[in-house]
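Before any comments, here is the structure.
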Amino acid sequence: MSKTELRQNIAIFGSAFNPPSLGHLSVVQRLSHFDQVLLVPSYAHAWGKQMADFSKRCEWVSDFIQESSCENLVLYREEETLCAEESVTTWALLNHIQKQYPSSDLTFVLGPDNLLNFSKFHKSAEILQRWNVLACPETLPVRSTTIRERLLAGESIDDLTTPALANKLTSEDFSH
């Protein structure tokens, strides 16, 4: 039986990860009951938010996974194959993943910033009919925005992200 034929409970946690924060970590740590948690960096933000380079953010997510101590986390970077210049909708992403894992149960995990906007998501009603949606707010209120602001101000970010990322991230990562 191939990996895609196994019946698994898979969580999909999409975010800009611009950069990954301890807030993100506080969410994924509570998803240990899933067989896999796919961390999906946005290729292009649905509402036009400026982000660091996609490959760089994927590298950060890989570092974040290594330091997370969560065995079920997987970087899922296929959004770049699903779009040209436009953002990928959650609907398109979930359909794509369901084709790869046809026997698995998918749960779309929403962070607090997207929970209130979920009704604005493309085909939100259809998503709710077809898949599970789990609102999982962070228990540590650390925002990526705060990391970027502190870096640009030349301040420490040691208390906002994992140690390797705190050492790796620079203000140049976010100057456009």
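For segment 46-72, a residue qualifies if it is in a loop (DSSP other than H, G, I, E, B) and either among the hydrophobic types (A, V, I, L, M, F, W, C) or closer than 19 Å to Thr90 by Cα (or both), and the qualifying residues are Ala46, Trp47, Gly48, Lys49, Gln50, Met51, Ala52, Cys70.
Does Ser68 qualify as being among the hydroxyl-bearing types (Ser, Thr, Tyr) and surrounded by 17 or more Cβ atoms within 10 Å (Cβ to Cβ)?
Judged against the criteria, Ser68 is a match.
Pairing each residue of segment 95-121 that is within 22 Å of Arg143 (Cβ to Cβ) with any residue that is of a type in the set (Phe, Trp, Tyr) and assigned to a helix (DSSP H, G or I), provided the two are 6+ apart or on different chains, yields C-beta distances under 9 Å for Leu110/Phe118; Phe121/Trp91.
Quick one: in segment 128-139, which of the residues that are in contact (Cβ under 8 Å) with a residue 60 or more places away in the chain and in a loop (DSSP other than H, G, I, E, B) is least open to solvent (accessible area, probe 1.4 Å)?
First, pick out the residues of segment 128-139 that are in contact (Cβ under 8 Å) with a residue 60 or more places away in the chain: 134, 136-139.
Retained after the next criterion (residues that are in a loop (DSSP other than H, G, I, E, B)): 136-139.
On the way: Cys136: 10, Pro137: 65, Glu138: 47, Thr139: 96 Å².
By that ranking, first place goes to Cys136.
Residue-level check: of (1) assigned to a helix (DSSP H, G or I); (2) open to solvent by less than 60 Å² (accessible area, probe 1.4 Å); (3) within 24 Å of Glu59 (Cα to Cα), Thr81 misses just (2). Sub-7 Å Cβ pairs linking a first residue in segment 29-45 that is outside any loop (DSSP other than H, G, I, E, B) to a second residue that is basic (Lys, Arg), at least 6 apart or interchain, are Pro41/Arg57; Pro41/Arg77, ordered by first then second residue. Suppose the filter is out of contact with any Cys (no Cβ under 6 Å at 6 or more places or on another chain), at pLDDT 95 or above and within 19 Å of Ile10 (Cα to Cα); does Ile157 pass it? Here the answer is no, as Ile157 does not meet what is asked.
So, in segment 40-67, how many residues would count as being more than 27 Å from His122 (Cβ to Cβ) and under 14 Å from the mean Cα position of the chain (by Cα)? Number of matching residues: 5. Checked against (1) modelled with pLDDT of 95 or more; (2) over 13 Å from the mean Cα position of the chain (by Cα), Ser87 meets all criteria but (1).
Looking across segment 140-169 at every residue that is more than 17 Å from Met51 (Cα to Cα) and among the small types (Gly, Ala, Ser), the one that is least open to solvent (accessible area, probe 1.4 Å) is identified as Ala166.
The values are calculated or read from the model by the stated rules, or taken from the named source; none is laboratory data. Nothing here was measured: the structure is a model prediction, and the numbers come from that model. Note that each Cβ is placed from the backbone with ideal geometry, even for glycine, and that neighbours are counted across all protein chains shown. Keep in mind that these areas ignore ligands, DNA and RNA; they rest on the heavy atoms of the full protein, side chains included. Shrake-Rupley method; radii C 1.70, N 1.55, O 1.52, S 1.80 Å.
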